[in-house]
Amino acid sequence: MGEPTDYALDRRILLFAGATLSAAPVFGAGTKSDAYAQASSLNPQPLPPSPEWARALPPGPDTSVKITEAYAEMIARDAYFWAWPMVNIFNRRQAFKDAPEPMLSGPVPIAPLNKFGMLTDYIEPEERLVACPNQDVVYGAGSLALDLSPVVVQVPDFGGRFWVYQMVDLRTDGFVQLGKMYATTPGFYLLVGPNWQGDIPKGITKIFRSPTNTGFVAPRVFQDDTPEDKKAIQSVLQWIMMYPLAEYDGTMKSTDWSKLKKIPASATGDAESKWVFPEKFFDELPAVLDDAPPLPGEEARYGQMRALLEAIKQNPALKEPLIKAVAEVDEEIVKPLFQFRNWGQQLPHHWSTISNEAAFGTDYFTRTAAAKSNILVNSPNETKYFYQDLDESGARLNGASAYTVTFAKDQTPPVNGFWSLTLYNEHHFFAPNEIKRYSTGTKNKGLKANPDGSLTIYVQADAPSQRDNWLPAPKGSDFTLYIRAYWPKSAVMDGTWTPPAVVKV
């Protein structure tokens, strides 16, 4: 067949526009540019469409066509990897929706939808809801359901204390800028969903619009390890709150977070709670697709996934082999991404990092890898992360050996906020130890520099002679090291600074 004529292109454009707009006018003698304008208005994009975009209209496969099981499995496997982070956030919303009030589930704050709970000290080692927690900040946690209501977030006066509020959409991309690095002023900030068109109440400082209705919120407030600071931080924590717009009255509300009701932990065991279930995937995927509109260029992907769901509806016998197929993806493709050494931008001495955290866009691989290994990462200008599973020689870090990490004089991570070096066990949680130290860095006032001004951290199971600089490792088992640079300076952002080697002693 020859190339389509202008008439054929026009006809396809008009068919697409007419089929999609329920109130579309009848096209008559309109020009080609008119048709393009009306069709393109259906999906406004920050990027211009490709020159041949009209040849793909109408989009998506013909759902009346029978497809083979092998083809269905191929689409299902791709869909599972792509949607894994979104199903993860979706199921966290499902877990929070029945909470009657902010409370502690074991060591973790939970809350009704559109509210959050705050801790009053570092997270406890028993936490299992989110891998790779830290003991540098006091956390909060809550789930967004902006289809139910817009949400008001309070920002108190933090003084000189470092703080940042992380808010991610269903894709785990950040959509707010609230924190010390943004010079955010105290006040009330409104979070709204993609389609909200209500009136803005008096007294709202700024509005942030989420691309999706579902999301997750995790405030972080720096605290050092002294008793004095643990006491001082309480006066500001009580004013950190989030609530539905109907509860807003223009006055700052407060809560004594130390009095939260406590219930038994919903998550136990050694590993992170499971949030994505192959056997439930095809039942949950429609809600995910409905909540997260396609990004530019994703329309065909969405068309394929919806056609797959229609095929399952028409032929329920497809579901069982497809569940088996996505279970294989979970085990063979997603699971290995838990290990930091398997992905990321490779740096000297076997360290790795990423540069698009919380702004993944269509980088599906990195988004799923981050979600599997350490979900809820801040955007790079808020926090830069460095990951390490290996020593200088490339051998796996293990508590049977002793290691040193030495920062040359004036070469600790260059930050405007703070930095830390955290040790995680093989499950990416804290390794219990006799001194209850799980990270070290800016928060530790007792770190001792070497005579030449360098700083050595001793990573080992048994106490070294320099106990002030000891980061305890688990005896005889694998572990991971993890550097956080909060509010990083340009040397961290542009790659001029990278971490030193982890040297086996």
**OP:** Note the angle between two axes, namely the Cα long axis of helix 69-96 and the longest principal axis of the Cα atoms of the chain, as a number of degrees from 0 to 90, rounded to the nearest 10.
**Re:** 50
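Can you give the extra length, in nm with one decimal, that the chain gains between residue 185 and residue 454 once fully stretched, where that is 0.36 nm per residue apart less the Cα-Cα distance? Write down the numbers at each step before the final one.
Working: separation 269, 0.36 × 269 = 96.84 nm, distance 3.71 nm.
That pair, residue 185 and residue 454, stretches by 93.1 nm at full extension.
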**OP:** Per DSSP H run of n ≥ 4, the term is -39500 (n - 2.57); total these for the chain, divide by its residue number, and report the mean residue ellipticity at 222 nm rounded to 500 deg cm²/dmol.
**Re:** -7000 deg cm²/dmol
Subject >> Relative contact order %, the chain, counting alpha carbon pairs below 8 Å whose residues are six or more apart >> reply: 16
Original post:
Please state the equivalent ellipsoid semi-axes for segment 282-349: what are the square roots of 5 times the Cα gyration tensor eigenvalues, largest first, in whole Å?
Top reply: 30, 19, 9
Subject >> Loop-located trypsin sites (Lys or Arg not before Pro) in segment 384-430, at most 15 other Cβ atoms within 10 Å (DSSP) >> reply: 409
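To the nearest 20 debye, what is the magnitude of the charge dipole of the chain about its Cα centre, counting +1 on the Cβ of each Lys and Arg and -1 on the Cβ of each Asp and Glu?
840
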Subject >> Nitroxide proxy distance, nm - points 7 Å out along Cα→Cβ at residue 259 and residue 401 >> reply: 5.3
Subject >> Simple Cβ-charge dipole of segment 406-505, Lys/Arg +1 and Asp/Glu -1, about Cα centre, in debye nearest 20 >> reply: 260
Original post:
Pairs 202/489; 259/475; 231/262: which are spaced more than 31 Å apart, C-alpha to C-alpha?
Top reply: 202/489; 259/475
**OP:** Could you pull out the pairs from 115/443; 436/504; 280/313 whose alpha carbons sit more than 20 Å apart here?
**Re:** 115/443; 436/504
Original post:
In what sequence, highest mean first, do 297-304, 145-152 appear when ranked by Cβ atoms within 10 angstrom?
Top reply: 145-152, 297-304
Original post:
In whole Å, how far is the Cα centre of segment 267-338 from that of segment 390-431?
Top reply: 35
**OP:** Determine which aspartates and glutamates satisfy two conditions relative to residue 319: a Cα distance under 16 Å, and not lying fewer than 8 residues away in the same chain.
**Re:** 69, 73, 78, 279, 283, 284, 310, 328
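Read the figures in this text as sums done on the coordinates, not as results from a lab. What you are looking at is a predicted structure, and each value in this text was computed from that prediction instead of being measured. Positions of Cβ are generated from backbone atoms using ideal geometry, with glycine treated the same way; all protein chains shown enter the neighbour counts.
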